[in-house]
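Just below is one structure, and these are the notes that go with it.
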Amino acid sequence: MSICVWRRLAAFFLAVLVVGLSPSWAAAQARPRPASTAQVADIDAFVARQMKARHIPGVSIAVLRDGAVVLTKGYGLADVENTVPATESTMYQLASVTKQFTATAVLQLVEDGKLTLATPLRSVLPDMPEAWGAVTIAQLLNHTSGIPSYTSVPDFGTMMRKDFTPAELIGLVRDRPMDFAPGEKWRYNNSGYVLLGMLVEKIAGQPWGTVLDTRLFTPAGMPTARVNDLSVIVPHRAQGYAWVNGELRNGDYVSPTQPYAAGALIVSVLDLAKWDETLVKHPLLSPASLAAMYTPAPIADGKTHPYGFGWDVSPYRGHTRYGHGGGIPGFSTYYARFVDDKLSVIVLANEGSGGAERIANGIAEFYIPALRDGAPKPITDTNPTQSAFLKSVVMSMGTGTGEKAWFTPEAQAFFFPDRIKEGKYRIGGFGALRSFQLMEESTTDKGQLRSYLADFDGVGLRCTFTLAADGKIAGVGLRLE
C-alpha cells in the first residue's frame with residue numbers, strides 16, 4: 001500500500017455616472033477608496049499569522065480595485081542577515097508568474113501578423129525534432145504540446161547551479177519521447193515556454209528580455225521589472241530563504257539562466273500593480289487576443305483544462321479567478337485577478353514552500369466576504385472515536401513524536417525514525433490546536449480516507465489520513481490552508 005508523501009508545509013470594471021458635477025469631483029468618486037484602518041489591521045494580522053506558520057521572512061502585497069491601487073505594503077524582512085525590511089519596492093524572483101508576460105509577447109507577434117496560434121513550432125524553429133512537427137504555438141502556450149518538460153528530467157535537481165543556454169535546456173528533452181500526442185492531454189510544461197522565448201527572439205531579432213522591456217514593461221510603466229541577473233546590482237533585491245529542520249537557511253542557488261522565458265523575471269509589487277492597471281484599463285492586446293488568453297485549453301477528448309495562455313483560469317469558491325503562482329527555491333509568488341469582483345491581489349514572498357497563493361486568497365476574502373462564506377464546511381462525523389485518535393496523532397506530530405503501533409509496517413518504515421521528528425519544526429510552531437473538524441470522508445483502493453481541518457490559533461492545516469482495514473495509518477498528507 002502506497003504512502004502519501006509528507007508534504008513540506010511547503011499559486012475591475014467600476015462604472016460611475018456623474019451628472020451635473022465638476023470633472024474633478026467625478027474623478028475622485030471613480031477612484032476606489034483605500035482600505036480602511038480596520039481592514040488593514042485585519043489583513044496585517046492575517047499576514048502575520050501566515051508568515052509565522054510558514055516561517056516566511058518577508059512578504060510584499062498589492063491590492064487593486066478596477067486597476068487602481070487600494071493597498072500596497074511590505075511585511076518582515078527582505079534580507080534577514082542585514083535586517084532590511086520588506087517594502088512595496090522589494091524585488092522578488094517572480095518564477096512562473098513570468099509566463100503571462102511571455103504569452104503576451106507571443107500574442108503581440110500574432111497581432112503583428114508574424115505567426116498564428118495554429119502555426120507549427122517547426123515552421124519558426126526548423127531545427128526542432130521532427131517528432132514535434134505537429135505542435136502548434138497555442139499548444140505551447142496552454143501546456144498541451146506533449147513535449148517533455150526539462151524540469152522533470154531525472155536528476156534535474158542536481159543541475160540547479162549549472163548555467164544553460166535556452167538551446168541547451170531544450171537539449172535535455174529533444175531526444176526523449178513525447179509525453180503524449182499534441183493536444184491529447186494537459187501537463188504543465190516549462191519546456192514550452194522556453195521554446196516560446198526562443199520563438200520571440202527568432203521573430204523579433206532581439207533578446208527575449210529586450211522585447212519584454214520594449215513592448216510590455218515600458219508601455220505599462222514598470223521601470224524596475226527585469227530579467228534576473230545575479231551579477232547585476234539590483235536595488236531592493238530580496239534574498240530567498242528556506243525553512244529546514246527548524247532553521248531558516250538561505251535558499252538553494254539556482255542559475256538564473258534556467259527559468260528563462262518560463263520564470264526568469266524579478267519585479268516588485270508596485271510594478272505588478274502597474275501591470276494590473278494596464279490589463280484593466282489600457283491592455284496591450286486586442287479583445288480577441290485577451291479572450292484567447294483566458295480560454296481553457298481544449299483537450300482531444302472534447303473536454304477542457306482550466307488553463308489559458310500563461311494564466312490559470314480555475315474558479316475559486318465559485319468566483320471567476322484568473323491567476324498564476326510561481327515557485328523557485330527561496331521564493332513563492334501569486335497573482336490573482338477576481339475579474340467579476342473587480343479585485344486583484346498580488347503576493348510576493350521570499351520563502352519557497354508555496355504560501356503565496358493561500359495568502360493572496362485570504363486577503364481577497366477581506367474584500368469579497370462571499371469567498372469566506374464559500375469555504376468548505378465540516379461534515380457529520382459518524383466515528384468521533386477515530387477522529388479523537390487522529391487528533392491525538394496530529395498533536396503528537398507537533399512535538400515530533402509518535403507511536404509506531406499507530407502505523408502500518410510500510411508507513412513505519414517511511415516515518416520512523418527521522419520524518420516523524422519533522423513535525424515539531426512545522427506543526428509545533430502553529431500555536432494551540434483550537435478545533436479539529438472532519439471535512440471529507442471516502443473509500444479508495446488504498447483504504448479509507450479521512451480529511452480534517454485543524455485550526456491552530458487562526459492557521460488552518462488540512463490533515464488527510466489514509467487508513468488500512470485494521471484502522472492503522474497508511475499515509476498522512478498535511479497542507480496549510
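The values are calculated or read from the model by the stated rules, or taken from the named source; none is laboratory data. Here the structure is a predicted model, which is why all the values come from computation and not from measurement. Note: ideal-geometry Cβ built from the backbone for every residue, glycine included; neighbour counts use all protein chains shown.
Return the only residue of Arg174, Arg187 being surrounded by fewer than 22 Cβ atoms within 10 Å (Cβ to Cβ) and under 24 Å from the mean Cα position of the chain (by Cα). Write out each step before concluding.
Numbers: Arg174 fails: under 24 Å from the mean Cα position of the chain (by Cα).
Matching residue, one of Arg174, Arg187: Arg187.
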Picking from Trp243, Trp311, the residue that is at pLDDT below 95 and buried (at least 19 other Cβ atoms within 10 Å of the Cβ) would be Trp243
Looking at region 250-274 only, could you name the residues that are under 17 Å from Met159 (Cα atoms), of a type outside the set (Phe, Trp, Tyr) and more than 17 Å from the chain's Cα centre (by Cα)? Gly251, Asp252, Val254, Ser255, Pro256, Thr257, Gln258
Scan Ala134, Ala118 and give me the residue that is surrounded by fewer than 15 Cβ atoms within 10 Å (Cβ to Cβ), in contact with a strand residue (DSSP E or B) (Cβ under 9 Å, 6 or more places away or on another chain) and not in a helix (DSSP H, G or I). Ala118
Quick one: in region 53-69, of everything that is within 19 Å of the chain's Cα centre (by Cα) and not in a strand (DSSP E or B), which residue is farthest from Gly330 (Cα to Cα)? Ala53
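Quick check: is even one residue across region 98-114 in the same structural domain as Ala242 (by TED's automatic domain parsing), of a type in the set (A, V, I, L, M) and not in a helix (DSSP H, G or I)? Outline the logic, then answer.
So in region 98-114, the residues in the same structural domain as Ala242 (by TED's automatic domain parsing) come out as 98-114.
When the remaining residues are screened for being of a type in the set (A, V, I, L, M), the result is 103, 105-107, 109-110.
From what is left, the residues that are not in a helix (DSSP H, G or I) are none.
Among the residues of region 98-114, not one is in the same structural domain as Ala242 (by TED's automatic domain parsing), of a type in the set (A, V, I, L, M) and not in a helix (DSSP H, G or I), which makes the answer no.
Is it the case that Thr72 is over 20 Å from the mean Cα position of the chain (by Cα) and not assigned by TED's automatic domain parsing to the domain that holds Gly352? Even if it seems obvious, please write down each step before you answer.
Values: over 20 Å from the mean Cα position of the chain (by Cα): no; not assigned by TED's automatic domain parsing to the domain that holds Gly352: yes.
Considered against the rule, which asks whether it is over 20 Å from the mean Cα position of the chain (by Cα) and not assigned by TED's automatic domain parsing to the domain that holds Gly352, Thr72 comes out as no.
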Just one of (1) of a type outside the set (A, V, I, L, M); (2) touching a strand residue (DSSP E or B) at 6+ places or on another chain (Cβ under 9 Å); (3) assigned to a loop (DSSP other than H, G, I, E, B); (4) surrounded by fewer than 13 Cβ atoms within 10 Å (Cβ to Cβ) trips up Asp252, so point out which. (4)
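Could you check, for region 72-87, whether at least one of its residues is assigned to a loop (DSSP other than H, G, I, E, B), among the polar types (S, T, N, Q) and farther than 26 Å from Asp229 by Cα?
Within region 72-87, none of the residues are assigned to a loop (DSSP other than H, G, I, E, B), among the polar types (S, T, N, Q) and farther than 26 Å from Asp229 by Cα.
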If a residue has to be of a type outside the set (D, E, K, R) and either surrounded by fewer than 14 Cβ atoms within 10 Å (Cβ to Cβ) or assigned to a helix (DSSP H, G or I) (or both) to count, how many in region 284-305 make the cut? 10
Of the residues in region 166-178, those that are touching a helix residue (DSSP H, G or I) at 6+ places or on another chain (Cβ under 9 Å) and not in a helix (DSSP H, G or I) come to Leu172, Val173, Arg174, Pro177, Met178
